[in-house]
Amino acid sequence: MRDTPLAWATRNGHEAVVKLLLSREDIDPDKPAEDGQTPLIQAACSGHEGIVKMLLGRDDVNPNKPDGDGGTPLHHAASHGREGVVRILLRRDDINPDTPDRHGQTPLCCAALNGHEVAVQLLLNRDDVDPNKPDRYGQTPFRVLLDMATFK
């Protein structure tokens, strides 16, 4: 399977092209690319806030659809420190901010692991995020942060 034009446009932040492609009825805005990532995941990972908003404005885009590793758009935004995208996603009622990926890591754990303090704080501000939820290796987000502080 090759990447679609929509996948290329979202990954590279070409808002006008994304808008044009989304105006067509024969474009599936939730179709995964070659790497299993949806256009929303690609836009979230790259921090393209305008494209994230465009995609989230559609009924045929699943904001929690995972990639092959179980990472959701929120996982990718938090993991890459895309604070604006994390904020956009967390404003939605249909986002589950505590969903683990296939390694059992939550978006909070991903943000902590990569040292993205603002994303960590945004997630900790939510009542539906468990800061003590361990991944499948027994690591909690706070353990990750403690380990990082120890090795600095």
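The values are calculated or read from the model by the stated rules, or taken from the named source; none is laboratory data. If you're wondering where the values come from, they're calculated on a predicted model, not measured in any experiment. Backbone-built Cβ (ideal geometry, glycine too); neighbour counts: all protein chains shown.
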Among residues of the range 75-89 being in contact with a Leu (Cβ under 7 Å, 6 or more places away or on another chain) and crowded, with 24+ Cβ neighbours inside 10 Å, the residue farthest from residue 118 (Cα to Cα) is 89
Subset of the range 51-86, residues of a type in the set (Val, Ile, Thr), part of a helix (DSSP H, G or I) and closer than 19 Å to residue 21 by Cα, comes to 51, 52
Those residues of the range 13-35 which are in contact (Cβ under 8 Å) with a residue 24 or more places away in the chain and surrounded by 15 or more Cβ atoms within 10 Å (Cβ to Cβ) amount to 13, 15, 18, 22, 29, 30, 32, 33
Log entry, pairs with first residue in the range 42-62 being buried (at least 20 other Cβ atoms within 10 Å of the Cβ), second being of a type in the set (S, T, N, Q), beta carbons closer than 6 Å, six or more apart or on different chains, reads 42/10; 43/10; 51/10
Of the candidates 7, 33, 16, 43, the one satisfying the condition of being modelled with pLDDT of 95 or more, over 21 Å from residue 83 (Cβ atoms) and not polar (S, T, N, Q) is 16
